[in-house]
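Undergrad: Mind having a look at this structure? Questions to follow.
The values are calculated or read from the model by the stated rules, or taken from the named source; none is laboratory data. This one's a predicted model, so the numbers in the text were calculated from it and none came from an experiment. Accessible surface areas use protein heavy atoms only, side chains included; no ligands, DNA or RNA. Shrake-Rupley method; radii C 1.70, N 1.55, O 1.52, S 1.80 Å.
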Amino acid sequence: QAVIQILLRASRLSSEPTVTFEPPSRNMNEHRFKIATQFIHDNYASPLTLQEVAERIPISGRQLQRIFREQGAESFSAYLENYRLNQICSAIMEGASPIDQIALEHGFASGNYLYYVFKKRFGMTPKQFRTHQAAVDASRPENKGDRNHL
């Protein structure tokens with residue numbers, strides 16, 4: 001009886017060529033990349049190394065570097081630096097904390113190193129970025145309307 005049921009199901013599937021069943025895809029490298037990036041997002045403010053993140057997955061540092069490149073990221077260090085800079089840009093726009101303090105809170109060894117990396121990436125210092133963002137925010141129409149009501 002069971003064999004007949006199996007044969008009937010198989011014949012039905014073969015008679016309907018438009019219905020295809022593909023096995024679920026499982027990409028371990030994509031999964032490892034997600035784990036690594038989540039670990040980076042959770043711990044970016046502390047000194048992180050490729051080897052430390054690789055040990056959390058667990059794979060070799062060389063394999064993790066390959067996975068980052070395969071998933072479209074430049075490299076582990078470039079990904080980490082980009083994430084830190086994005087967080088720093090948000091912190092600069094949100095508050096009036098000193099740049100040196102923001103640098104230390106977001107994983108840079110010093111304010112001087114942040115200035116160097118920031119200027120190299122964005123073509124301006126963090127302080128110039130803060131001034132520029134303040135000017136952009138002030139020129140937005142919704143902000144102009146708010147001033148008129150004060």
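Undergrad: For the stretch 66-124, what is the accessible area per residue in Å², given a 1.4 Å probe and the full set of protein chains?
TA: Per residue, the stretch 66-124 has an accessible area of 56 Å².
Undergrad: Hey, another quick one. Tell me, what HN-Hα J-couplings in whole Hz come from the Karplus equation 6.51 cos²θ - 1.76 cosθ + 1.60 at θ = phi - 60° for each residue of the stretch 51-59, using x for Gly and Pro?
TA: My calculation for the stretch 51-59 gives 5, 5, 5, 4, 5, 6, 7, x, 8 Hz in order.
Undergrad: A further question follows. Whenever you get a sec, compute what percent of the accessible area on the stretch 57-132 sits on carbon and sulfur atoms (1.4 Å probe).
TA: Its accessible area is 50 percent carbon and sulfur atoms.
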